[in-house]
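Input: a single structure, listed below in structure tokens.
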Amino acid sequence: MSFFKKLFKRKEETKPVEGAHIDESQNLESEAREAEEARLAEEAREAEEARLAEEAREAEEARLAEEAKEAEKVRLAEEAKEAEEARLAEEAKEAEEARLAEAAKEAEEVRLVEEAKEAEEARLAEEAKEAEEARLAEEAKEAEEARLAEEAKEAEEARLAEEAKQAEEARLAEEAKQGENSGSEETPKKKGLFSKLFSGLTKTRDQFLGAVDDVLKGFKKIDEDLYEELEEALIMADFGVETTMNIMEKLREKVKTEKITEPGDLKLALQEIITGILTAHEWKPLVEEGKPNVILVIGVNGVGKTTTIGKLAHQFKEENKNVILAAADTFRAAAIEQLQIWADRSGVPLIKHEEGSDPAAVVYDGIKAAKSRKCDLLICDTAGRLQNKTNLMKELEKMGRIIEREYPEAHKEVLIVLDATTGQNAISQVKVFKEVANVDGIILTKLDGTAKGGAVVGICENLNVPVKYIGVGEKIDDLQPFDPKAFAAALFEQK
């Protein structure tokens, strides 16, 4: 029973004494009420404090739990970060190790490649060295064989030349005797020269004239087919394409102007055209009388340069000229020795130095000797190194300066020796030499050994350089002044 119910019950029970005790009851009730209120207030306060304490505890626990949770998150994040950094560091380490391994591998490969390259270069250098030594040895062997062969050939030529000379002298004496008896106006010497020229052009004439005759016999009228056949015949005789075209153009004009209708008459027309080409250059004597003369002889090796110089020396010596030779080809092996043989054979002195010496110094000494001995003619051999045009140009320019300075009163000629067997290639040689020297004339050798004698016509037309001498045999007197009319006649004449 609650406090208030008990109080009311007791009040009911004590109603009779209510009046007496009203004040006390009121006091008690008031006290009880206050005590109850105080108790309730205390309980409420305690309950509130307990609630607040519980809430504070729970809040603290929640805070601590949240802090622990966040701390755990931070820890886990830190651990994850450290793990990621460790992973990245490991990957970086592995990548660096892989890079270093790859770099080491590449460096090793480069080293091996470089070593292989050096080894290959060393092998190739050794092979090249051995090949060069073998080539030099072979060249030295060939040069020695060529020298011995040339000496043997020259000795044989000298013997044959002497025999031929004696036979020729006997023949000329006989021809002179017959000429006197017959009253002929042509000298035996001229007859002999034409005979040699005719004989020397046998191969060219047989091919050229035989082809021309075959063409003319195969046609009954003059037409384009005939002209084409004649063009082919000229080209086969090595007249050259350009020269052949010019000859055919002149032939067409001549046929039209002179109204030629018979194919057989074209041979004479061709002879006249070719003679006109050959005689276009004025032929001047090689040596000017009454003054000293210097001849520089140029040309590639193998064209017969040394032999030609010897033959020239012999001819001028036979004409009572005082001749000196100068061996200014100091580059080619055995050139000096070969020229010495020809000097001895021709009976003329030779000025020479050691092999490899300065060619201009040889020319200088040759001029001094020519002056002191009052010589009519100084003939200088020169090198023919077309594979190095710069050095050749410098040598020839230096020789020219020395001649101009030391021998200004002398008449100078530069002659190029060409091998007729090379045909149109001879024209190329002249063009190259004209780039390094002023070529005054051409000496064409070995005409007797080729069917390409038609190249003479191309040379005369294209190069603007006169042919001054031709070689029609190997004998010492088979080099003769070039007579254009006689050449044309020998090319067309038949016996």
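The values are calculated or read from the model by the stated rules, or taken from the named source; none is laboratory data. In this text the structure is predicted, and so the values were computed from the model without any measurement. Cβ atoms come from the backbone with ideal geometry, glycine included; neighbour counts cover every protein chain shown.
Filtered by the rule that a residue be outside any strand (DSSP E or B), surrounded by 15 or more Cβ atoms within 10 Å (Cβ to Cβ) and at pLDDT 90 or above, the stretch 367-390 gives Ile367, Ala369, Ala370, Lys371, Cys375, Asp376.
Each residue in the stretch 297-335 was checked for being out of contact with any Ser or Thr (no Cβ under 6 Å at 6 or more places or on another chain) and assigned to a strand (DSSP E or B), and 6 of them qualify. If Glu395 satisfies every condition in (1) touching a strand residue (DSSP E or B) at 6+ places or on another chain (Cβ under 7 Å); (2) surrounded by 22 or more Cβ atoms within 10 Å (Cβ to Cβ) but one, which is the exception? Single failed check for Glu395: (1). For the stretch 341-355, the candidate set comprises residues that are part of a helix (DSSP H, G or I) and out of contact with any Ser or Thr (no Cβ under 9 Å at 6 or more places or on another chain); within that set, the residue that is nearest to Thr306 (Cα to Cα) is Ala343. Ile379 passes every criterion in (1) touching a Lys or Arg at 6+ places or on another chain (Cβ under 7 Å); (2) under 16 Å from Ile402 (Cα atoms) apart from (1). Ala280 meets the conditions (1) buried (at least 20 other Cβ atoms within 10 Å of the Cβ); (2) modelled with pLDDT under 90; (3) among the hydrophobic types (A, V, I, L, M, F, W, C) in every case but one. The failed one is (1).
Scanning the stretch 411-419 for residues that are at negative phi and outside any strand (DSSP E or B) turns up nothing. Restricted to the stretch 351-366, and to residues there that are over 21 Å from Met393 (Cβ atoms) and buried (at least 21 other Cβ atoms within 10 Å of the Cβ), the residue that is nearest to the chain's Cα centre (by Cα) is Lys352.
Cβ-Cβ contacts under 6 Å between residues 6 or more apart (or on different chains), taken from a first residue in the stretch 235-257 that is closer than 20 Å to Gln207 by Cα to a second residue that is modelled with pLDDT of 90 or more and of a type in the set (D, E, K, R), are listed as Thr244/Glu231; Met248/Glu231.
The residues in the stretch 393-435 that are more than 24 Å from Ser357 (Cα to Cα) and at pLDDT 90 or above can be counted, and the count is 4. If you check Lys250, Lys291 for being modelled with pLDDT of 90 or more, in contact with a His (Cβ under 6 Å, 6 or more places away or on another chain) and at negative phi, only one passes: Lys291.
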